[in-house]
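Let me begin by presenting the structure, written as structure tokens, before commenting on it.
The values are calculated or read from the model by the stated rules, or taken from the named source; none is laboratory data. This one's a predicted model, so the numbers in the text were calculated from it and none came from an experiment. Using ideal geometry, Cβ is built from the backbone for each residue, glycine included, and neighbour counts are taken over all protein chains shown. Side chains are part of the model used for accessible areas, which takes the heavy atoms of the whole protein and leaves out ligands, DNA and RNA. Shrake-Rupley method; radii C 1.70, N 1.55, O 1.52, S 1.80 Å.
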Amino acid sequence: VVAVVVLLGLCLVPCLYAWFNILSNWDPYGVASTSRIKVAVASEDKGYQVMGLELNIGELVLQGLESNDQMGWVFVDDADTALDGVESGEYYAALVVPEEFTGDFVSILTGDLRHPQIQYYENEKKNAIAPKITSKAKTAVQEEVNSTVIETVANAITAASSIFNALGLDAQDVAQ
């Protein structure tokens with residue numbers, strides 16, 4: 001009887017270990033796992049005025065991230081709060097939209113082309129896998145920025161086209 005119990009234990013324990021191990025790592029990049037990882041987001045973007053329209057892409061990015069549940073976004077007031085949280089280990093990473101973010105986007109209109117960049121900070125000490133997952137957050141923000149900019153430009157072009165049509169101008173008149 002003792003031999004049978006020991007034999008069953010030797011067969012059952014490795015199976016239980018494997019099942020629990022596989023279950024715990026089943027979907028490490030899924031929303032259920034990544035939504036608990038805190039990533040601080042701060043926007044210091046001052047915006048920019050283009051053709052009489054006030055444009056603030058940093059605020060649009062924050063609004064887009066509020067509906068994104070891929071990560072545990074924590075919206076903070078300023079970059080210092082976000083960086084302090086990363087240093088203390090409260091957040092795994094921080095994304096900061098700099099002051100001239102919108103200005104860099106519209107720099108193409110002035111001919112002085114500057115590349116807009118979101119500042120990304122991570123706490124590599126807190127967890128070995130967290131930097132890999134928070135890089136997914138960075139990619140999500142880049143996609144959000146791209147879609148926001150495309151949508152904003154498309155809306156502006158549509159509005160301008162409607163105004164020009166209402167004034168009786170066509171594309172050739174505006175181009176000249």
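Across 145, 61, 50, mean-square fluctuation computed from a Gaussian network of the chain (C-alpha pairs under 10 Å connected) peaks at 50.
Axis of helix 130-166 versus longest Cα principal axis of the chain: the two differ by about 20°, to the nearest ten degrees.
Placing +1 on the Cβ of every Lys and Arg and -1 on the Cβ of every Asp and Glu, with no other charges, gives the chain a dipole of roughly 1060 debye about its Cα centre.
Pairs of Lys residues in the chain, spaced 8 or more positions apart or belonging to different chains, with C-alpha separations under 14 angstrom: 4 in total.
Using the basic label-point model (7 angstrom from Cα toward the beta carbon), what is the residue 69 to residue 18 distance in nanometres? The answer from the label model is 3.4 nm. The C-alpha atoms of region 1-81 occupy a region whose extents along the principal axes are 87, 24, 11 Å, arranged from largest to smallest.
Per residue, the chain exposes 66 Å² of solvent-accessible protein surface, assessed with a 1.4 angstrom probe and all protein chains in place. Pairwise Cα distances in the chain exceed 23 Å for 56 percent of all pairs. Carbon-plus-sulfur accessible fraction, region 59-146 (probe radius 1.4 Å, protein heavy atoms only): 45%. Express as a percent, rounded to the nearest 5, the fraction of DSSP beta bridges in region 7-93 (both residues included) that run antiparallel. Close to 40 percent. Rounded to the nearest 10 degrees, the angle from helix 79-88 to the longest Cα principal axis of the chain is 10 degrees.
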